[in-house]
1. In segment 71-128, how many are acidic (D, E) and more than 24 Å from P33 (Cβ to Cβ)?
2. Restricting to segment 137-159, name every residue that is more than 16 Å from V114 (Cα to Cα) and surrounded by 12 or more Cβ atoms within 10 Å (Cβ to Cβ).
3. So which residues in segment 69-100 are under 21 Å from S46 (Cβ atoms), open to solvent by 60 Å² or more (accessible area, probe 1.4 Å) and among the charged types (D, E, K, R), if there are any at all?
4. Only one of A115, A107, A23 is out of contact with any strand residue (DSSP E or B) (no Cβ under 9 Å at 6 or more places or on another chain) and open to solvent by less than 50 Å² (accessible area, probe 1.4 Å). Can you tell me which?
5. Are any residues in segment 1-13 modelled with pLDDT of 90 or more and over 15 Å from V55 (Cβ atoms), and if so, which ones?
6. Residues in segment 77-94: is at least one at pLDDT 95 or above and more than 15 Å from the chain's Cα centre (by Cα)?
7. If you go through segment 27-47, how many residues are open to solvent by 80 Å² or more (accessible area, probe 1.4 Å) and closer than 16 Å to V62 by Cα?
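The values are calculated or read from the model by the stated rules, or taken from the named source; none is laboratory data. Predicted model only: the values in this text are computed from it and were never measured. No Cβ is skipped: glycine too gets one built from the backbone with ideal geometry, and neighbour counts run over all protein chains shown. The area values use the complete protein model at the heavy-atom level, side chains included, leaving out ligands, DNA and RNA. Shrake-Rupley method; radii C 1.70, N 1.55, O 1.52, S 1.80 Å.
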Amino acid sequence: MPKPPPVDIAIIEAGVADAETLATIHQDLFAPPWSSHEFAALLKQSTAIGLLAVVRMTKEPVGLLVGRVVADEAEILTLGVSHSWQRLGIATRLVETFVRRATERGATQIFLEVAADNFPARQLYSAAGFREGGNRRGYYERSSAPAADALIMAKTTNR
């Protein structure tokens, strides 16, 4: 299969006004999805960082990352790219932008949890410099399958 042409994607700040958009992307990717109210409540916090990936020409939202920074630690809470836009480097750009912004806010460690069976995400995070450091047994409940373990991954920033 030929590689698709590069897409001009912008990574922009996401705020409370974007909660519905974030929830729409999230519901297509995750079960259970986060509601727009949950996104809005999180983004109201001064510690939150919300990012949206949008196609520059059409302004279509195609990806999201929401995290937070508290003191010198940051955490990626959710990351996703719409199915038809995956494998184009958008998630990598979202992670890189989050790491940069979290570091600017003083983070020296960044953490995340990822399903142990989500090999593409684990590969993405490993390539971004995250290393596995722990395990939460049965953390991700699933309606049609056994619960999945969560791997805790961390990255030290270059501050």
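1. 4
2. Taking segment 137-159 and keeping what is more than 16 Å from V114 (Cα to Cα), we get 143-145, 156-159.
T156, T157 - these are the residues of segment 137-159 that are more than 16 Å from V114 (Cα to Cα) and surrounded by 12 or more Cβ atoms within 10 Å (Cβ to Cβ).
3. D72, E73, R100
4. Among A115, A107, A23, only A23 is out of contact with any strand residue (DSSP E or B) (no Cβ under 9 Å at 6 or more places or on another chain) and open to solvent by less than 50 Å² (accessible area, probe 1.4 Å).
5. If the condition is that a residue be modelled with pLDDT of 90 or more and over 15 Å from V55 (Cβ atoms), then E13 is the only one that fits.
6. no
7. Result for segment 27-47: 2.
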